[in-house]
Amino acid sequence: MADEYLKKPMPSKKKQEDFYYKLRKKVQNWVDSKPKIFGTVSGYVLFAPDLFHLLTRLMLDSRIDSKSKAAVGAGIMYFIAPIDFLPELLIGPAGFLDDVVVAVFVINTILNKFPAEVITEHWTGDEDLLAFIKKVSNSSNKYVSKLPAGRLVKRFMK
């Protein structure tokens, strides 16, 4: 059964974009409904769809070496894992906060290895990617190594 699933073609670009925009709208609606409860945290959560999209695009980029793709894959797996530090199934979109931290850690690691243009050309978010990465990195790098995907990424990038 797994082989059959892996042999299926990728969804069309239109279907991928539809999924991306639906997820973005869902997260935006959640953020709009919780401004007083989550404050600036909700602003980070809003970038989860953009970061996931960026990771998937980096995985398909032939300029990224296999060792770095393993780190990108760890970031993607953290997004889709049903159980993580802040599970989305239990706390809703707020559960994307740890996914954002892991994704930023992975992207920051990739940025240290490749020219920024290789990464930024895949970015679809509204905010400047490098400024966003710096902002999140400054507040989260000390915590990411405690997360399973953060340890996995560090191991691959040695």
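The values are calculated or read from the model by the stated rules, or taken from the named source; none is laboratory data. Everything quoted here is computed from the prediction, not taken from an experiment. Positions of Cβ are generated from backbone atoms using ideal geometry, with glycine treated the same way; all protein chains shown enter the neighbour counts. SASA here: full protein model, heavy atoms, side chains in, ligands and nucleic acids out. Shrake-Rupley method; radii C 1.70, N 1.55, O 1.52, S 1.80 Å.
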Checklist entry - For the subset of segment 58-80 comprising residues that are touching a residue at least 24 places away in the same chain (Cβ under 8 Å) and β-branched (Val, Ile, Thr), which member is nearest to residue 114 (Cα to Cα)? => result 64
Checklist entry - Is one or more of the residues making up segment 29-43 open to solvent by 20 Å² or more (accessible area, probe 1.4 Å) and modelled with pLDDT of 80 or more? => result yes
Checklist entry - Limited to segment 58-93, what total is found for residues that are at pLDDT 80 or above, assigned to a loop (DSSP other than H, G, I, E, B) and open to solvent by less than 80 Å² (accessible area, probe 1.4 Å)? => result 3
Checklist entry - Cβ-Cβ below 7 Å, separation at least six or inter-chain, first residue in segment 97-118 and farther than 17 Å from residue 50 by Cα and in a helix (DSSP H, G or I), second open to solvent by 10 Å² or more (accessible area, probe 1.4 Å) and among the hydrophobic types (A, V, I, L, M, F, W, C): which pairs? => result 109/157
Item to check | Cβ-Cβ under 8 Å pairs, at least 6 apart or on other chains, segment 43-57 side under 12 Å from residue 17 (Cα atoms) and assigned to a helix (DSSP H, G or I), far side at pLDDT below 85 and open to solvent by less than 10 Å² (accessible area, probe 1.4 Å) | outcome: 49/27
Checklist entry - Going by the conditions given, is residue 127 modelled with pLDDT of 90 or more and surrounded by fewer than 16 Cβ atoms within 10 Å (Cβ to Cβ)? => result no
